[in-house]
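Q: So that we are looking at the same thing, I have put the structure below in structure tokens.
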Amino acid sequence: MTGGKSTLQAVMPQDAQGWRLDRALAIAIPTLSRERLKALISSGQVSTESGGLARDPAMKVVPGARFTVVVPDPAPAHNEAQDIPLVIAYEDEHLIVVDKPAGLVVHPAAGNFDGTLVNALLHHCRGTLSGIGGVERPGIVHRIDKDTSGLMVAAKTDPAHVGLAAQFAKHSIDRRYKAIVAGLPRPAEGTVDAPLARSSANRKKIAIVEDGRGKRAVTHYSTISRLRGAAMVECRLETGRTHQVRVHMASLGHPLLGDPVYGRTRPEHRELLNRLNFKRQALHAARLGFIHPVTSAPLCFESEIPPDMCELFSELTN
């Protein structure tokens, strides 16, 4: 490594006759994603054995051909690394699974420029992030609402980011939430298949819309426990849309207890929520399962519901 750059040598695989350069390089250099390699090729960072630049990602290669790839050091993230305590469910050189507490915003945005999960991961993973898309940052492939607790996975390398994103796109991730909802769902289990989009009446809210306007959203729910005027349900996400569980359960007439946006607190729960100072939606990402994007090992993690939801659950069983 010299002058803030890494120089990598790549030899085209023996079966690469006629392959695109970006495809062949992705096989020869598995630590870089194909999209990252496309960008390096187009920016003049890849040269042939004779010293000429290879600027076309679609150029055809021959087996045994040698290329030099110059990889600039990842640019520092604009976000500040902050020493925020994290509960780590799993971590290796490729990815990290975090058990996020309620109240922690995932990504910096207007109104929350610091104190987020990204700021915490930049500190925790300092020196181990390889540069997602050329920037030293964790690869956030899914999010959990600020006031929802539970399991989240983030990538530490380009290949892990690409592999996880592909699984989320295919809806092959096992994501299960536990929620405390108002009323007793009837039937006790079922499926909500209703597309979601930004509400035309309130852009801060998500709403069920007609087919063709929003994105398909599917939630499978089942009742775990019958409570006093409420129920503990498990929601398995076939898709993962913003506010999906909250909107879908509310559409059934069973909004999440404590939900300030999609629920109207029933009189029989108002005093209890105030006494417990429970001011968030009662929702916890309790299970997360996926295939490791690099090793192909099946991984599955479970998280117990946090103390505030346990206390609410306990009060509703008495």
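The values are calculated or read from the model by the stated rules, or taken from the named source; none is laboratory data. Keep in mind that what you see is a predicted model, and the values were worked out from it rather than measured. Please note: Cβ atoms are built from the backbone with ideal geometry, for glycine as well, and neighbour counts cover all protein chains shown. Ligands, DNA and RNA are excluded from the accessible area calculation, which covers all protein heavy atoms including side chains. Shrake-Rupley method; radii C 1.70, N 1.55, O 1.52, S 1.80 Å.
Q: Taking THR191 and the conditions (1) open to solvent by 70 Å² or more (accessible area, probe 1.4 Å); (2) more than 30 Å from ALA89 (Cα to Cα), which numbered condition does it fall short on, given that it satisfies the others?
A: (2)
Q: Which one of the conditions (1) at pLDDT below 95; (2) open to solvent by 30 Å² or more (accessible area, probe 1.4 Å); (3) within 30 Å of ARG228 (Cα to Cα) does GLU210 fail to meet, given that it meets all the rest?
A: Condition not satisfied by GLU210: (3).
Residues are listed down the side, and each one gets a yes or a no for (1) open to solvent by 30 Å² or more (accessible area, probe 1.4 Å); (2) in a helix (DSSP H, G or I); (3) modelled with pLDDT of 95 or more:
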{"residue": "MET249", "(1), (2), (3)": "no, yes, yes"}
{"residue": "HIS254", "(1), (2), (3)": "no, no, yes"}
{"residue": "PRO260", "(1), (2), (3)": "yes, no, no"}
{"residue": "GLY263", "(1), (2), (3)": "no, no, no"}
{"residue": "LEU272", "(1), (2), (3)": "no, yes, yes"}
{"residue": "LYS279", "(1), (2), (3)": "yes, no, no"}
{"residue": "ALA286", "(1), (2), (3)": "no, no, yes"}
{"residue": "PHE290", "(1), (2), (3)": "no, no, yes"}
{"residue": "VAL294", "(1), (2), (3)": "yes, no, no"}
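Q: GLU35 is checked against (1) open to solvent by less than 80 Å² (accessible area, probe 1.4 Å); (2) among the charged types (D, E, K, R); (3) under 17 Å from PRO72 (Cα atoms) and fails just one. What number does that condition carry?
A: (1)
Q: Yes or no: segment 216-237 includes at least one residue that is without any contact (Cβ under 8 Å) to a residue 24 or more places away in the chain and either open to solvent by 20 Å² or more (accessible area, probe 1.4 Å) or part of a strand (DSSP E or B) (or both).
A: Yes, some residue in segment 216-237 is without any contact (Cβ under 8 Å) to a residue 24 or more places away in the chain and either open to solvent by 20 Å² or more (accessible area, probe 1.4 Å) or part of a strand (DSSP E or B) (or both).
Q: Out of (1) surrounded by 14 or more Cβ atoms within 10 Å (Cβ to Cβ); (2) in a loop (DSSP other than H, G, I, E, B), what's the single condition that is false for ALA10?
A: (2)
Q: Search segment 287-311 for residues being touching an Asp or Glu at 6+ places or on another chain (Cβ under 6 Å) and of a type outside the set (D, E, K, R), and hand back the single one that is nearest to ALA155 (Cα to Cα).
A: Among those residues, the one meeting the criterion is GLY289.
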